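The values are calculated or read from the model by the stated rules, or taken from the named source; none is laboratory data. Since the structure is predicted, the reported quantities are computational estimates derived from the model, not experimental observations. Every residue, glycine among them, receives a Cβ derived from its backbone with ideal geometry; neighbour counts consider all protein chains shown.
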Amino acid sequence: MPRPGFEPGSPARKAGERPFLEKNIGEKTSIDDIIENFRGMLKIDLDLAERTVKQHVSNIGEFLKFIEKSPEEITKKGIRSWLKKYEENYSKATKANKIKSVRVFFREFVGSNIAEGFKIPRNGKKNNVKVPSKETLRKHYEEIQSQKYRAYFLVKASSGLRTSELTNLTMDGIDLEKRMLMPNHDTRTKRSFVSFYNKEAEKELKKYLDMREEKENDNRLWRTNRQTVARSFKRTSERSGAKVTPKVLRKWFVNEMKKIGVDPGYIDAFCGRVPKTVQDSHYTDLSPERLKEVYEKAGLTVLE
């Protein structure tokens, strides 16, 4: 007789591999217990960023309380009834966020493909984000009052790295001689390679490092977080009248590199967006030496 309790649906993992839920949860499990196990899987097994973990946990907590059933009893109809709440009066981005969480929960945690049929809606506004001109960037930059954020701005704009990658970057992850950044952002599907910053950023970074004090328990380069960075950019934008955000700087980097003529495969590598499954098929030479050669040849500038 089968063990009572949770019996996940169709496996999405390798044949013969028991899903996470079956391996880790017993017969009598509360929603809180499920959520805590789910949180642990997201952080440890999938190595997701803390912000992403919080979002998935919040969504699935809401979902399970709405459904009021154990995971093996949930049907597509049940998932559909919850998502129906987000058909009206909510943006496509919000609905997409909910679907992503449900798909991760069932595929990775429960071991079922029941949610894979729910398509993630595209947000039409996403591609309409205006990429700022160099004039706008200069206008914003001139109003930055902190030396740390003057350096941060130029490193961000000339490297294409994510905000989380820069805020988590340690002194061990930067090669000052090569102007090379080595973020740690490996996940199951993507990995960080290396990126670089230009000579404009190098000049301001040296000024910042000269005034940066050593702290025994914090070896991060910037000693800040996403929220503080966002607030700093917002205050500067209010002073300058030029709206620039950390996310927009990443878009600007991609757009500028394309205009210069850099191969999209190398741009993706600088931005840490090359899936592991294609690393060996299209862009075989993604070594730091080759990436530096490509970066230097591009001659990217931010303020000039």
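So TYR266 fits all but one of (1) in a helix (DSSP H, G or I); (2) within 18 Å of the chain's Cα centre (by Cα); (3) among the aromatic types (Phe, Trp, Tyr); (4) modelled with pLDDT under 95; what number is the exception? Every listed condition holds for TYR266 apart from (2).
For segment 148-169, the tally of residues that are among the hydroxyl-bearing types (Ser, Thr, Tyr) and either closer than 13 Å to ALA201 by Cα or modelled with pLDDT of 95 or more (or both) stands at 4. Within segment 183-231, how many residues are modelled with pLDDT of 90 or more and touching a strand residue (DSSP E or B) at 6+ places or on another chain (Cβ under 7 Å)? The total comes to 7.
Do we find a residue being in the same structural domain as TYR149 (by TED's automatic domain parsing) and part of a helix (DSSP H, G or I) anywhere in segment 214-225? Spell out the reasoning first.
Within segment 214-225, the subset in the same structural domain as TYR149 (by TED's automatic domain parsing) is 214-225.
From the residues that got through so far, the ones that are part of a helix (DSSP H, G or I) too are none.
No: segment 214-225 contains no residue that is in the same structural domain as TYR149 (by TED's automatic domain parsing) and part of a helix (DSSP H, G or I).
Residues are listed down the side, and each one gets a yes or a no for (1) crowded, with 17+ Cβ neighbours inside 10 Å; (2) within 22 Å of the chain's Cα centre (by Cα); (3) not in a loop (DSSP other than H, G, I, E, B):
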{"site": "LEU48", "(1), (2), (3)": "yes, yes, no"}
{"site": "ARG51", "(1), (2), (3)": "no, yes, yes"}
{"site": "VAL57", "(1), (2), (3)": "yes, yes, yes"}
{"site": "PHE66", "(1), (2), (3)": "no, no, yes"}
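Just one of the numbered conditions (1) under 19 Å from GLY160 (Cα atoms); (2) surrounded by fewer than 17 Cβ atoms within 10 Å (Cβ to Cβ); (3) touching a residue at least 40 places away in the same chain (Cβ under 8 Å) is not true of LYS203: (3).
Taking segment 231-262 as the search range and keeping residues that are in a helix (DSSP H, G or I) and in contact with a Ser or Thr (Cβ under 6 Å, 6 or more places away or on another chain), which one is surrounded by the fewest Cβ atoms within 10 Å (Cβ to Cβ)?
Initial filter on segment 231-262 (in a helix (DSSP H, G or I)): 231-240, 246-260.
Remaining after also requiring in contact with a Ser or Thr (Cβ under 6 Å, 6 or more places away or on another chain): 233, 246.
Details: PHE233: 24, PRO246: 21.
Only one residue fits best here, namely PRO246.
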